[in-house]
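Encoded as C-alpha cells, the structure appears first; notes follow it.
Coordinate-derived values only; no laboratory data. Computed from a predicted structure; not experimentally measured. For neighbour counting, all protein chains shown are included, and Cβ atoms are generated from backbone atoms with ideal geometry for every residue, glycine included.
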Amino acid sequence: MNDYPSEPTYDKLTDADRVLPGEGVCPYDYIVPKLFEAGFRGGFSVELFNKGYWDSMDADALLKKSFESSVLVLSSALQKAGHY
C-alpha cells in the first residue's frame with residue numbers, strides 16, 4: 001500500500017515516486033470501501049521505495065509514520081462509507 005503524487009503524470013511515475021498513504025492523490029475513499037464490499041479482510045503493507053523517506057527518518061520513525069498514516073487513511077475511508 002502506498003500513495004502517489006499528482007506529478008509526474010501516471011505514465012511517468014516510478015517506484016521512487018511512491019509516498020505514504022494520505023500524502024498523495026490515491027482515491028482511497030473509493031478503493032477501500034470497494035475492497036471491503038468485495039469481502040477483503042486481509043492485511044495491508046506499506047511499500048515505499050522513495051529514498052527521501054530513508055534519508056530523512058530512521059527506521060523506527062518511518063515505521064511509526066507508516067502505521068499511523070495507513071490507519072488514518074483506511075479508517076477514514078471505511079467511516080465515510082459507513083463500514084466502520
Q. Only one residue in SER45, SER70, SER66, SER6 is small (Gly, Ala, Ser), assigned to a loop (DSSP other than H, G, I, E, B) and under 10 Å from the mean Cα position of the chain (by Cα). Which one?
A. SER45
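Of everything in region 31-84 that's small (Gly, Ala, Ser) and in contact with a helix residue (DSSP H, G or I) (Cβ under 6 Å, 6 or more places away or on another chain), which residue is nearest to LEU20 (Cα to Cα)? Outline the logic, then answer.
So in region 31-84, the residues small (Gly, Ala, Ser) come out as 38-39, 42-43, 45, 52, 56, 59, 61, 66, 69-70, 75-77, 81-82.
Pick out the ones that are also in contact with a helix residue (DSSP H, G or I) (Cβ under 6 Å, 6 or more places away or on another chain) and you get 77, 81.
On the way: ALA77: 15, ALA81: 22 Å.
Here the answer is ALA77.
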Q | From LEU78, LEU20, residue being surrounded by 16 or more Cβ atoms within 10 Å (Cβ to Cβ), of a type in the set (A, V, I, L, M, F, W, C) and touching a Lys or Arg at 6+ places or on another chain (Cβ under 9 Å) | A | LEU20
